[in-house]
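Every read-out reported here was derived from the displayed coordinates using simple, explicitly stated rules and does not represent laboratory data. Computed from a predicted structure; not experimentally measured. Because the Cβ atoms are built from the backbone with ideal geometry, glycine has one as well, and the counts that use them run over all protein chains shown.
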Amino acid sequence: MRRNKKEPAWINRNHLFNYPMLIVGSAIAIFFLILTLMGSWLAPNDSLLIQMQDRLLPPSYTYPLGTDHLGRCILSRLLEGAHTTLGLSLAVIAVVTVIGVPIGLLSGYIGGRVDAVLMRLADGSGALPEFLIAVAVAGILGPGLINVMLAVACVKWIGYARVVRGIVTSERQKEYIMASVVAGSSIGNVIGRHLLRQIASPLGILIAGDIGRTILLISALSYLGLGAQPPAPEWGAMLSDGRPYFQAASQLMIYPGLCILMVVLACNLISDGMRELLDVRGQSTINFRNGRKGET
């Protein structure tokens, strides 16, 4: 149905402000992104400075969120920990995208034995829960941020490869792909001009939600002592440090826990909002070949 001409523009369903989840999630994500980029400048104190005489202090002008069990400023550690936790999560997503997307493209487009080999590799890698595999790999490689990134990347690429493979397998049988092949287009040309456009929206939705899940996984590994090592600030490690003091100073775990909660919530809201905004089945048909939208 066509929109009434007298209807205000902001009522149009395709308008961005009709997607509150996307707006709220983006606002929270931008806020934490600013903290990630400017955390070192915004920190009121040295996050590594140990002052035992100031341990477990309540919030004050000098220490806005109080101090931890070693007299370190909690706010400063949260701000600098954002750089570690969020930066590492984005790096992991970049690595798994570089690994998973090409594997999915090759597996879905070429098919045959290539598809069988690559998908059996994915099935074998995904036979156990992600967390158990990540713990095993991190335990073998040893504690450290780089090893945690490699451990998480070892389990995250599987989902990307499967999503891309499913889309490419469906699209390669369509007429416009066949016409491009008959016209003499190379595999790289077909993938670059047609297939990448088809996977862009689902991949964006997957990445938005997966950032939150990656943060949870990295924080869990750090909580177990396999991630960031003392005295480096990291949200999962801060949770682990505050566990023995939960009864006497619960804020040591509450503050980093809230930060993790808010970022994961923002990622989920963005993912759901993007899914609603880009859902071509429910509201419009997007012609990726000419970049125009048509009414259903």
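Structure values in brief
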| read-out | value |
| --- | --- |
| Separation in nanometres of the label points that stand 7 Å from Cα toward Cβ, at Ala179 and Val24 | 4.4 nm |
| Per-residue [θ]222 nm for the chain (sum of -39500 (n - 2.57) over DSSP H runs n ≥ 4, rounded to 500) | -21500 deg cm²/dmol |
| Residues Glu171, Glu234, sorted so that the one with the fewest Cβ neighbours within 10 Å comes first | Glu171, Glu234 |
| Order of Thr84, Thr62, Thr67, Thr97 under a 10 Å beta carbon neighbour criterion, fewest first | Thr62, Thr97, Thr84, Thr67 |
| Ranked Trp235, Trp157, criterion: other C-beta atoms within 10 Å, fewest first | Trp157, Trp235 |
| Tilt relative to the chain, helix 251-277 - C-alpha long axis, 0 to 90 degrees, to 10 | 10 degrees |
| Relative contact order (%) - criterion: Cα under 8 Å, at least six apart; region: the chain | 22 percent |
| In degrees, nearest ten, helix 20-42 long axis to first principal axis of the chain (Cα) | 50 degrees |
| Added length on full extension, which subtracts the Cα-Cα distance from 0.36 nm per residue, Leu33 to Asn189 | 52.6 nm |
| Ranked by how many other beta carbons lie within 10 Å on average, peptides 130-140, 174-184 from highest | 130-140, 174-184 |
